[in-house]
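Undergrad: Here's a structure for you.
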Amino acid sequence: MRRTLTALVLTGVLALPIGALAEDICATKPEAESKKNPLPVKYQKLKAENEKLKAELQNCLAEKERVKASIAQLESQINALLSEKAQLEMKLRSLPSKEELLAKIRELENRVGR
């Protein structure tokens, strides 16, 4: 067991995790976030971002209203077309059929004597 452990350490298999830990300990820490961006700077950035998001929201709401108005207009057009279709279908039902008209034509031709 000892020989295997020694062989692994010498070949570098176990050295990698130990090396990674050593790098973490010796590495310099990045500058603190609060030191880079003090609270007033963060506040100003968040306030600007909030204003930008509010403007985007207003644009979306305006677009939503335009789309709703367009949908309402299209729905009213559909309803008007449906009522016109119903009227035309009723008118079509009240008209004589093709066969009836052909029979009347034959009858009139016979009367005239053709």
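Laboratory data are not the source of any read-out in this text; all were calculated from the coordinates shown. Being a predicted model, the structure only gives us computed values, none of them experimental. As a convention, Cβ positions derive from the backbone with ideal geometry for all residues, glycine included, and neighbour counts pool all protein chains shown.
Undergrad: Which distance in nm do the two modelled labels at Glu100 and Leu46 give, with both placed 7 Å along the Cα-to-Cβ direction?
TA: 8.0 nm
Undergrad: Explain nothing, just compute: Karplus ³J(HN,Hα) = 6.51 cos²θ - 1.76 cosθ + 1.60, θ = phi - 60°, for every residue of the range 44-52 in order, whole Hz, x for Gly and Pro.
TA: 4, 5, 5, 5, 5, 5, 4, 5, 4
Undergrad: So if I place +1 on the C-beta of Lys and Arg and -1 on the C-beta of Asp and Glu, and nothing else carries charge, what would the dipole magnitude of the range 33-114 be about its Cα centre? I want it in debye, nearest 20.
TA: Using Cβ point charges on Lys, Arg, Asp and Glu, the range 33-114 gives about 360 debye.
Undergrad: Please compute, over every Cα-Cα pair in the range 39-114, the percentage with a separation greater than 15 angstrom.
TA: Counting every Cα pair in the range 39-114, those more than 15 Å apart make up 78 percent.
Undergrad: Something else about it: If you plug each phi of the range 97-111 into the Karplus form 6.51 cos²θ - 1.76 cosθ + 1.60 with θ = phi - 60°, what whole-Hz ³J(HN,Hα) values come out, in order, with x for Gly and Pro?
TA: Result, rounded to whole Hz: 6, 4, 4, 4, 5, 5, 5, 5, 4, 4, 5, 5, 5, 5, 5.
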